[in-house]
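Read the structure below first, then the notes.
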Amino acid sequence: MSPLHPHSPDSHDIATLWWWMLLAAGIVFLGAVALLLIGWFRRGEPGLPFFGESERANLGLVITFGMGIPIVVLVALFIVSDLYVLGKTDAPTSNSTGLTVTVVGHQWWWEARYPAGGAVTANEIHIPARTPVNLLARTADVIHSFWVPELNRKIDMIPGQTNRIELYAEEAGTYRGQCAEFCGLQHAHMAFRVIAEPRPEFERWLSASERPARAPDGAEASEGRRVFMENACAGCHTIAGTPAQGTVGPDLTHLASRQTLAALTVPNDRRELGRWIRNPQEIKPGAKMPGLELSNAQFHAIVTYLAGLR
Ligand code: CUA
């Protein structure tokens, strides 16, 4: 996860800007060190090096090093960064081509909606490779910042506002993202993945994700479904095709097809899923999900049901 490993034209521009800024800052730094050294070696000698000994020499020094060079360097960096690269990495004004994904920041996870077909997922954003994706960034609570350094710059998620960015991956791959604006206790555990796939693979994923949840397979899974629907779970989570239509927590319709739980905090396997349902606060203190008072058999039943939601 580094802005210096760009995988899109926008992030190539950002990486180039970074190297130019490093170069400019390096030259200024070395210049300042050189002046210090000259001062050190000339200590005790009257006058200034290059400028001589007069009132005008003092003024020349102030104008050259105190004003001239800083103004030139800062104006040049402003033009390149704010006017050129910021403008270039702005989302294009027309979004008629490609695909739109709405990502909503929550304390502390990411909701991803594909409005065209109604697919909803969390923390793992699938996109087709080599296709510009129009990404709409919103928040359900406080300010978050959506950042996939290998694909583009950050975009803040501001309450009451929708911001846009273009996501584009030059090749298929998994690109890690991270919330880049402090948003509370679990800000550090607000990570996500952008999974860029070849177009046919993405289309398969999308159409599978648009389907409602599969029916429970076996008696234990059916019991798990019943426990889920009769407890607080159904008030906070949606499982498409069931009475569970809560919107506080992540959509669980295809939970088992995701690789991680709790925004990349733990892997999504039976063991971690069980630990998470039993005591979310142990894995992610401050998370909005409470632990439930359930019997061992009920826990196992819920885990079996959710682990079957592919
Ligand atoms: Cu969300 Cu930091």
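The values are calculated or read from the model by the stated rules, or taken from the named source; none is laboratory data. For clarity, every value in this text was computed on a predicted model and none was experimentally measured. Virtual Cβ from ideal backbone geometry, glycine too; neighbours counted across all protein chains shown. Protein only, heavy atoms only, side chains kept; ligands, DNA and RNA dropped before computing areas. Shrake-Rupley method; radii C 1.70, N 1.55, O 1.52, S 1.80 Å.
Out of curiosity, is R138 within 16 Å of the ligand (Cβ to nearest atom), open to solvent by 70 Å² or more (accessible area, probe 1.4 Å) and either assigned to a strand (DSSP E or B) or at pLDDT 95 or above (or both)? In short, yes. A search for C-beta distances below 6 Å between a residue of segment 170-185 that is of a type in the set (A, V, I, L, M, F, W, C) and any residue that is within 15 Å of the ligand (Cβ to nearest atom) and in a loop (DSSP other than H, G, I, E, B), counting only pairs 6+ apart in sequence or on different chains, returns C179/M190; A180/K154; C183/V142; L185/G286. Applying the criterion of at least 2 residues that are modelled with pLDDT of 85 or more to the helices (runs of 4 or more DSSP H) found wholly in segment 17-121 leaves 69-78, 86-89.
Of the candidates T238, T247, the single residue that is in contact (Cβ under 8 Å) with a residue 60 or more places away in the chain and closer than 27 Å to L185 by Cβ is T238. Of the residues making up segment 68-82, those that are touching a residue at least 24 places away in the same chain (Cβ under 8 Å) and open to solvent by 80 Å² or more (accessible area, probe 1.4 Å) number 0. The sole residue among G291, G308 that is buried (at least 16 other Cβ atoms within 10 Å of the Cβ) and either in contact (Cβ under 8 Å) with a residue 12 or more places away in the chain or of a type outside the set (A, V, I, L, M) (or both) is G308. Residues in segment 165-200 that are aliphatic (A, V, I, L, M) and closer than 17 Å to P132 by Cβ were compared, and the one that is farthest from the ligand (Cβ to nearest atom) is A172. Restricting to segment 149-164, name every residue that is of a type in the set (D, E) and within 16 Å of the ligand (Cβ to nearest atom). The answer is D156, and nothing else. Of all residues in segment 105-122, which are among the charged types (D, E, K, R) and free of Cβ contacts under 8 Å to residues at least 60 places away in the same chain? Of everything in segment 105-122, just one residue is among the charged types (D, E, K, R) and free of Cβ contacts under 8 Å to residues at least 60 places away in the same chain, namely R113.
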